[in-house]
Amino acid sequence: MNFTIAPVSKEDGNAVIDIFNHYVQSSFAAYPEDLVPYQFFSFFLNMAEGYPFLVARDDEGMVLGFALLRAHSRVPVFSRTAEITCFIAAEHTGRGMGKALQDRLLAQAREKGITSILAGISSLNSASIAFHKKRGFQECGRFQKIGRKWGQDFDVVWMQKMI
């Protein structure tokens, strides 16, 4: 499948939220327990302010996935560290889109002087943990039982990649 990667636009908001909401209602990859409204897109935009926020689109312009970086902390001494978020439409996973989005984000992160990328992943999201390990991330910490979704406790596994 062909896809292109481009900066997110405001017109991508509903598609981004539709992809995110799939994971909200079907997995532990997205933390909310209930679907988020389309206005939640502004939360993503604010979170990624000053950092790259990308979408993958098919040949017709349909959004197939998105990825963004955000500040780990707004305290200036942590300015070389960013957190990563990436979601691919379920029917398009396993086709290299996540890798391509992550590669582009990491290249743009280097240009910004970022040297460390963090990913906070639910311990119940084994596919994401495996993906990040395959991509050179290493587990650097674990907050035990700090999350609870649908009555089930989970850890947040912190993974890090130096770039």
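Read the figures in this text as sums done on the coordinates, not as results from a lab. Predicted model, so just to flag it, every value in this text is computed and none were measured. Cβ coordinates were reconstructed from backbone atoms using ideal geometry, including for glycine residues, and neighbour counts include every protein chain displayed.
Here are a few things to note about the model shown:
- Karplus-derived 3J(HN,Hα) values for region 80-92, using 6.51 cos²θ - 1.76 cosθ + 1.60 with θ = phi - 60°, are 8, 10, 10, 9, 10, 9, 8, 9, 10, 3, 3, 6, 10 Hz; glycine and proline are entered as x.
- Global form of the chain, assessed from the alpha-carbon gyration tensor, a/c cut-off 1.5: rounded
- With 31 Å as the limit on Cα-Cα distance, the pairs of LYS10/LYS99; LYS112/LYS145; LYS112/LYS149 that go past it are LYS112/LYS145; LYS112/LYS149.
- Coil-residue trypsin sites (Lys or Arg not before Pro) of region 27-81, DSSP, other Cβ within 10 Å capped at 14: ARG74, ARG80
- Residue-by-residue Karplus 3J(HN,Hα) for region 140-148, coefficients 6.51, -1.76, 1.60, Hz, glycine and proline x: 10, x, 8, 9, 7, 6, 8, x, 8
- As a length-normalised measure over Cα pairs under 8 Å and 6 or more apart, the relative contact order of region 4-115 settles at 24 percent.
- For ARG95, residues with placed amide H under 5 Å, excluding near neighbours: none
- Residues with amide H under 5 Å from that of ARG142, placed H, sequence gap 5 or more: TRP158
- Tensor-based shape of region 82-137 (alpha-carbon gyration tensor, a/c under 1.5 rounded, otherwise prolate or oblate): oblate
- Vicinal HN-Hα couplings computed from phi for region 154-163 (Karplus, 6.51 cos²θ - 1.76 cosθ + 1.60; Hz; Gly/Pro x): 8, 8, 10, 8, 9, 10, 9, 9, 8, 10
- Highest to lowest packing among 16-24, 145-153, 107-115, scored as the average C-beta count within 10 Å: 16-24, 107-115, 145-153
- Taking amide H positions as modeled 1.01 Å from N, with prolines and chain starts lacking one, the residues under 5 Å from ASP155 and 5 or more places away or on another chain are SER123, LEU124, LYS145.
- Restricting region 1-93 to GluC sites (Glu not before Pro) in coil, as DSSP defines it, with at most 14 other Cβ within 10 Å: GLU33, GLU49, GLU60
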